[in-house]
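Q: After the structure tokens below, expect a handful of questions from me.
Read the figures in this text as sums done on the coordinates, not as results from a lab. Quantities reported herein were computed from a predicted structural model and do not represent experimental measurements. Every residue, glycine as well, gets a Cβ built from its backbone with ideal geometry; the counts of neighbours run over all protein chains shown.
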Amino acid sequence: MNKTLLAAAFALLLPALAAAKDAPAPLKVGDDAPIFSATADTGKTFNLEKRRGDWTVLYFYPKAGTPGCTKQACAFRDGIDAIKKTGAEVFGISRDTLKAQREFKKTHRLPFTLIADPHGEVISVYGTEGFLGYSKRWTFLVDPALKIRWIEHDVDPALDAQRVAAELKKLQAETKP
């Protein structure tokens, strides 16, 4: 490889290496959930702080309308009653625009809130950024004190809602006096 090509490759990689070095430590169970505000599909601002006192499901997905994301959203739609019985609310987050989130919600009759994060700020804070800036498919359960109680990194889109409902029941049973 000639020196010019090597220098060009290094110049392209240097910013990525610097960003990785400065990246915050990955979130883990027991951490405070990063507080954020972002636009919900209703056009109103969603603020995680206002969820204090309630269980919250944050599921991150790459792109509205793609096969895996549609399968996951529809699984949450179909399993929403089991999740709501635990007192939790579901919020889906992706880099999609507000318009795309609204269309996705309407097309698939999703009975929960979708959050638009077109600049990837929430995705970055939660550490779910993946290929080309799209979010990885990760799910977080946040307790009423806004602590992260469960993280699923190995999400099966068809089974995520079932796993979330089961984990919520388990976590809530562990915290009862």
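Q: Can you list the HN-Hα couplings for the stretch 131-146, worked out from phi with the Karplus curve (6.51, -1.76, 1.60; θ = phi - 60°), rounded to whole Hz and with x for Gly and Pro?
A: Each residue of the stretch 131-146 in turn: 4, 6, x, 5, 6, 6, 8, 10, 10, 10, 10, 10, 7, x, 8, 6 Hz.
Q: If you don't mind, there's one more thing I want to ask. Give me the percent of DSSP beta bridges within the stretch 28-175 that run antiparallel, rounded to the nearest 5. Please report the intermediate quantities before stating the final value.
A: Details: 15 of 24 bridges.
Roughly 60 percent of the beta bridges in the stretch 28-175 run antiparallel, per DSSP.
Q: Now for a different question. Amide H to amide H under 5 Å from Phe46: which residues, 5+ apart in sequence or cross-chain, H placed 1.01 Å off N in plane?
A: Under 5 Å from the amide H of Phe46 lie the amide H atoms of Ala38, Thr39, Ala40, each far enough along the sequence or on another chain.
Q: Continuing with this model, one more query. Against the longest alpha carbon principal axis of the chain, how many degrees, from 0 to 90 and to the nearest 10, is the axis of helix 160-175 turned?
A: 60 degrees
Q: Just from its helices, what would the mean residue ellipticity at 222 nm be for the chain, if runs of 4 or more DSSP H residues each count -39500 (n - 2.57) and the sum is divided by every residue, rounded to the nearest 500 deg cm²/dmol? Walk me through the numbers on the way to the answer.
A: Working: 5 runs with 70 residues, N = 177.
Calculated mean residue ellipticity at 222 nm is -13000 deg cm²/dmol.
Q: Enumerate the calculated ³J(HN,Hα) couplings along the stretch 150-155 in order (Karplus 6.51 cos²θ - 1.76 cosθ + 1.60, θ = phi - 60°), each rounded to whole Hz, writing x wherever the residue is Gly or Pro.
A: Per residue, the Karplus-derived 3J(HN,Hα) values read 7, 10, 10, 8, 10, 7 Hz.
Q: Give the long-range amide H neighbours of Lys147: residues separated by 5 or more places, or on another chain, with amide H under 5 Å away, using H modelled in the peptide plane at 1.01 Å from N.
A: Placed amide hydrogens put Ala33 under 5 Å from Lys147.
Q: Cross-link candidates for Lys169: which lysines have Cα within less than 19 Å, leaving aside residues fewer than 8 places away along the same chain?
A: In chain and number order, the partners are Lys84, Lys85, Lys147.
Q: Let me ask another. Measure off 7 Å from each Cα along the Cα-to-Cβ vector at Lys136 and His108, then give the distance between these two points in nanometres to one decimal.
A: 2.1 nm
Q: Follow-up question, since we're still on this one. Report, to the nearest 10°, how far helix 67-84 tilts away from the longest principal axis of the Cα atoms in the chain, using its own Cα long axis and a range of 0 to 90°.
A: 30 degrees
Q: Can you give me the angle between helix 3-22 and the longest principal axis of the chain, using Cα atoms only, in degrees from 0 to 90, rounded to the nearest 10?
A: Once rounded, the angle reads 30 degrees.
Q: Another question, if that's okay. Which whole-Hz couplings ³J(HN,Hα) result when phi for each residue of the stretch 102-114 is put into the Karplus expression 6.51 cos²θ - 1.76 cosθ + 1.60, θ = phi - 60°, listed in order with x for Gly and Pro?
A: Running phi through 6.51 cos²θ - 1.76 cosθ + 1.60 with θ = phi - 60° gives 4, 5, 4, 4, 5, 4, 9, 6, 7, x, 9, 7, 10 Hz.
Q: Also, I was wondering about something else. Quick query: amide H of Ser135 versus all other amide H atoms, modeled in the peptide plane; which residues come in under 5 Å with a sequence gap of 5 or more or a different chain?
A: Arg95, Gly130
Q: For Asp54 and Thr97, FRET efficiency with R0 = 22 Å and r from the beta-carbon atoms, rounded to 0.05?
A: 0.20
Q: Could I ask something else about it? Within the stretch 110-139, name every residue whose backbone N is under 15 Å away from a label modeled 7 Å from Cα of Val29 along the Cβ vector.
A: What the label zone holds, given the 15 Å backbone N cut-off, is 139.
Q: If R0 is 25 Å, what FRET efficiency do you get for Ala145 and Asp78 from their C-beta distance, rounded to 0.05?
A: The pair Ala145/Asp78 has a calculated efficiency of 0.25.
Q: Which one is right for this structure if Rg and Dmax of the Cα atoms in Å is calculated from it: (1) 17.8, 68; (2) 18.3, 60; (3) 16.4, 55?
A: Matching entry in (1) 17.8, 68; (2) 18.3, 60; (3) 16.4, 55: (1).
Q: Another question about this same structure. Roughly speaking, what is the stretch gain from Gln162 to Glu174, that is 0.36 nm per residue apart minus the C-alpha to C-alpha distance, in nm to one decimal?
A: 2.5 nm
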